[in-house]
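Asks: What follows is a single structure, and I will ask about it in a moment.
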Amino acid sequence: MRPFEFTRAESAADAMRLAGDGATIIAGGTNLLDLMKLEVMAPQALVDINRLDLGDIDEAEGGGLRIGALVRNSDLAADRRVRDAYPMLAEALLAGASGQLRNKATTGGNLLQRTRCYYYYDTAMPCNKREPGSGCQAIGGITRLHALFGASEHCIATHPSDMAVALRALDARVEIQSQDGVTRMLPLGDFYRLPGDTPHIETVLVPGDLITAVLLPAPAGARQTYRKVRDRASYAFALVSVAGVLDVEDGRIVRPALAFGGVGHMPWRNPEVEALLEGEAPSVDLFAEAAARLVAEAEPQGGNAFKIPLLRRTLQAVLRELTEA
Amino acid sequence: MRTDLTVNGQSRTIEADPRTTLLDALRHHLKLTGTKKGCDHGQCGACTVIAGGRRINSCLSLACMHDGDEVVTIEGLGTPETLSALQEAFVRHDGFQCGFCTPGQICSATAMLEELQAGWPSHVTADVASAPALTVEEVSERMSGNLCRCSAYPNIVDAIMEIAGRGRA
Ligand SMILES: Cc1cc2nc3c(=O)[nH]c(=O)nc-3n(C[C@H](O)[C@H](O)[C@H](O)COP(=O)(O)OP(=O)(O)OC[C@H]3O[C@@H](n4cnc5c(N)ncnc54)[C@H](O)[C@@H]3O)c2cc1C
Ligand code: SF4
Ligand code: FES
Ligand code: FES
């Protein structure tokens, strides 16, 4: 690990000022320290935000929840309100990492965790995300983990978070405070960026920005689930995952929202698939059509082609589960 | 950089480079070598300690971030003369072979049982809104952050199940 200066922020203003001057924010540290040990990341200064007052889950206007950026993944999954009204969020959190890691991992840090692309982790390899302009070794290489949607000729990495997939389906917004005192709220689709020709820039955050919370609107539907497919039964990242929420009224699907993990540079959503399901009576044929629509625009990279049938089947299974009486 | 913390009930001071992980501070600075370094990347659980009442991977935490914290390591759970209930159960059930993962397993299990008691759900809890049951499946899932190269898993689960208050189904 490269040497760095360490400061504990006593206030949000403190943290934003130091981050604006080039320090890297550290929360749980479970992703950042891993990457610093490998020298994939080598910040010259760290600012520890753990003592800031961002650790509460509060009821928000309109029946939603405001989750502080420092709420630990384990506390969020165990929260009574989350378990009752947003069970897919608890399920997604509990499907990620391990008990020990979830006790440290924070809401803000989880959103900003970096890709698990092997080449990103290997400093002997070119990687546009780690070293802009050096090339992408994954393209034409080992692509088992890589994206089906939204990739570019500069980067085909996936976002590894489970939590973020559930949050995207739940229409959560990220609350960001910036150094000039302005607070922004962004839906996940506007918060994350596609790789394009700047894969090292993963979100719209600028230095000095601090994630202060995640806002959940009132739960959209009672029927929710998070299904994760992985190489082993626990303590492994998703190959693909599906977060789904909908209701069934008078025998028809209403307000479906679906997000997909392990397949894009950000948790993926496809409005066409949701529109296809809206107002329709559940049926095996309908689910097959939705799944076909979803994968129609998939661009396999070789080693990840298996994710196309896997994603198709996982979506169908989720739709069956959600629409069973 | 100076860090003051409580380790196994005693006040300790560490003077170390900020890069020092909690794991290295415990092993090298405080000579508490019960806590083990397996992978140093959060992937094996050998370094599990209990900080502020929560089990964590001490390899992925900086010592300087624990100023003022209370840390409990395997040395604080029991001694060869006075084993903790879980330590004693691991011996009786043959819950290890080489023993390298054992301190992490026992620290993890100690705190895990409190999480279970507090009603935290897990990935295998059928309905996350309901209280989890004490089953082999639940214990195995909750302990998945602790790998054992010797694969003593069945006996580890037996030991934990016994202490959790029920024999194996
Ligand atoms: C072995 C292992 C297995 C894992 N398995 C899974 C898995 O299956 N599923 C899954 O989803 N995740 C998994 N993870 C990843 C884990 O979820 C993340 O490491 C964790 O959520 C990161 O949170 P943190 O608070 O520790 O972040 P940190 O490491 O502290 O920070 C991560 C990034 O976020 C930035 N940051 C943090 N907080 C803020 C803030 N408030 N404002 C602005 N920037 C901020 C930091 O600067 C840093 O760049 C695994 C990790 C490990 C080590
Ligand atoms: S896919 Fe992205 S992260 Fe992986 S090597 Fe290519 S540029 Fe780097
Ligand atoms: S040494 Fe910390 S998890 Fe392996
Ligand atoms: S007893 Fe040898 S690694 Fe677990």
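Asks: Kirkwood hydrodynamic radius of the protein assembly as shown from all distinct Cα pairs, in Å?
Replies: The Cα-based Kirkwood calculation yields 23.5 Å.
Asks: Also, I was wondering about something else. Averaged across A:83-90, how many Cβ atoms of other chains sit within 10 Å of each residue's Cβ atom?
Replies: What the average comes to for A:83-90 is 3.
Asks: Ok, one more. Kindly list the residues of the range A:264-279 that lie in the label zone of A:GLU249, defined by a backbone N under 15 Å from the point 7 Å along the Cα-to-C-beta vector.
Replies: A:278-279
Asks: What is the angle, in °, between the Cα long axis of helix B:102-117 and the longest principal axis of the Cα atoms in chain B? Nearest 10 is fine, range 0 to 90.
Replies: 60
Asks: Related question: Starting from the exponent 0.38 and prefactor 2.2 Å, build the expected Rg for the range B:45-169 from its residue count and divide its actual Cα Rg by it.
Replies: Relative to the rule-of-thumb radius for its length, the range B:45-169 sits at 1.05.
Asks: Sequence gap at least 6, Cα distance under 8 Å: using those rules, report the relative contact order of chain B to the nearest whole percent.
Replies: Normalised by residue count, the contact order of chain B is 22 percent.
Asks: Could you pull out every residue, at least 5 positions away or on a different chain, whose amide H is within less than 5 Å of the one on A:VAL248? Hs are placed 1.01 Å off N in the peptide plane, and Pro or chain starts have none.
Replies: A:VAL254
Asks: Ok, one more. Tell me the mean residue ellipticity at 222 nm calculated for the protein assembly as shown from its helices only (DSSP H runs of n ≥ 4, each -39500 (n - 2.57), averaged over every residue, nearest 500).
Replies: Value at 222 nm, helices only: -8000 deg cm²/dmol.
Asks: Another one. Using a 10 Å cut-off around each Cβ of peptide A:37-46, what is the average number of partner chain Cβ atoms that fall inside?
Replies: 1
Asks: Sorted by packing (mean other beta-carbon atoms within 10 Å per residue), highest first, where do A:46-55, B:58-67, A:229-238, A:305-314 land?
Replies: Going from most to least packed, we get B:58-67, A:46-55, A:305-314, A:229-238.
Asks: Further, regarding this structure: Let me make sure I get this right: for the range A:1-146, a, b and c are the square roots of the gyration tensor eigenvalues over alpha carbons, sorted descending. Under 1.5 in a/c it's rounded, otherwise prolate if a/b > b/c, else oblate. Which is it?
Replies: Oblate shape, in that a/c is at least 1.5 and b/c is the bigger or equal ratio.
Asks: Related question: Using alpha carbons only, how many degrees (0 to 90, rounded to 10) separate the axis of helix A:284-296 from the longest principal axis of chain A?
Replies: 40
Asks: Can you find, among B:ALA109, B:SER122, B:LEU147, the residue farthest towards the positive end of the dipole of the range B:58-169? Put +1 on the C-beta of Lys and Arg, -1 on that of Asp and Glu.
Replies: Looking along the dipole axis, the top candidate is B:LEU147.
Asks: Can you tell me the Rg and Dmax of the range B:2-77, counting just the alpha carbons, in angstroms?
Replies: In order Rg, Dmax, the Cα atoms of the range B:2-77 give 10.8, 30 Å.
Asks: Let me know the volume per residue of the alpha-carbon convex hull for the range B:98-142, in Å³.
Replies: Value for the range B:98-142: 66 Å³ per residue.
Asks: Once B and A are treated as a pair rather than alone, how much accessible area drops out, both sides summed, in Å² to 100, probe 1.4 Å?
Replies: So the total buried area for this chain pair works out to about 3200 Å².
Asks: Could you give the radius of gyration (one decimal) and Dmax (whole number) of the Cα atoms in the range A:203-248, in Å?
Replies: 15.9, 44
Asks: Could you work out how far the C-alpha centroid of the range B:94-140 sits from that of the range A:199-272, in angstrom?
Replies: 27
Asks: How well do other chains shield peptide B:120-132, expressed as the mean number of their Cβ atoms within 10 Å of each residue Cβ?
Replies: Neighbouring Cβ atoms belonging to other protein chains average 5 per residue here.
Asks: Place a +1 charge on the Cβ of each Lys and Arg in the protein assembly as shown and a -1 charge on the Cβ of each Asp and Glu, then give the dipole magnitude about the Cα centre in debye, rounded to the nearest 20.
Replies: So the dipole magnitude of the protein assembly as shown works out to roughly 1120 debye.
Asks: What is the range A:47-97 by shape, rounded, prolate or oblate, if you read a ≥ b ≥ c off the alpha carbon gyration tensor as root eigenvalues and call it rounded for a/c under 1.5, prolate for a/b larger than b/c, and oblate otherwise?
Replies: Judged from the Cα gyration tensor, the range A:47-97 comes out oblate (a/c at least 1.5, b/c at or above a/b).
Asks: Put B:CYS107, A:CYS136 in order of accessible area, largest first, 1.4 Å probe: what do you get?
Replies: The ranking, largest first, comes out as A:CYS136, B:CYS107.
Asks: Within the range B:85-166, what whole-number % of the accessible surface is contributed by carbon and sulfur, with the 1.4 Å probe and all protein chains included in the calculation?
Replies: Ligands and nucleic acids excluded, carbon and sulfur give 54 percent.
Asks: For B:ASP69, list long-range residues whose amide hydrogen, built 1.01 Å from N in the peptide plane, is under 5 Å from its own amide hydrogen.
Replies: Residues meeting the criterion, in which the H sits 1.01 Å from N, are B:THR6.
Asks: Over the range B:2-77, what percent of the accessible surface lies on carbon and sulfur atoms, probe 1.4 Å?
Replies: Roughly 41 percent, rounded to a whole number.
Asks: Taking amide H positions as placed in the peptide plane 1.01 Å from N, state which residues far from A:PHE6 in sequence (5 or more) or on other chains have amide H under 5 Å from it.
Replies: Distant-sequence amide H within range of A:PHE6: A:LEU46.
Asks: Which net charge results when you count Lys and Arg as +1 and Asp and Glu as -1 among the other residues whose beta-carbon is under 10 Å from that of A:LEU148?
Replies: -1
Asks: Lysines within cross-link reach of A:LYS228: Cα-Cα under 20 Å, excluding same-chain residues under 8 positions apart?
Replies: The qualifying lysines are A:LYS307.
The values are calculated or read from the model by the stated rules, or taken from the named source; none is laboratory data. Keep in mind that this is a model prediction, so the values were computed, not measured. With ideal geometry, Cβ positions are generated from the backbone for all residues, glycine too; neighbour counts draw on all protein chains shown. The accessibility values were calculated without ligands, DNA or RNA, using every heavy atom of the protein model including side chains. Shrake-Rupley method; radii C 1.70, N 1.55, O 1.52, S 1.80 Å.
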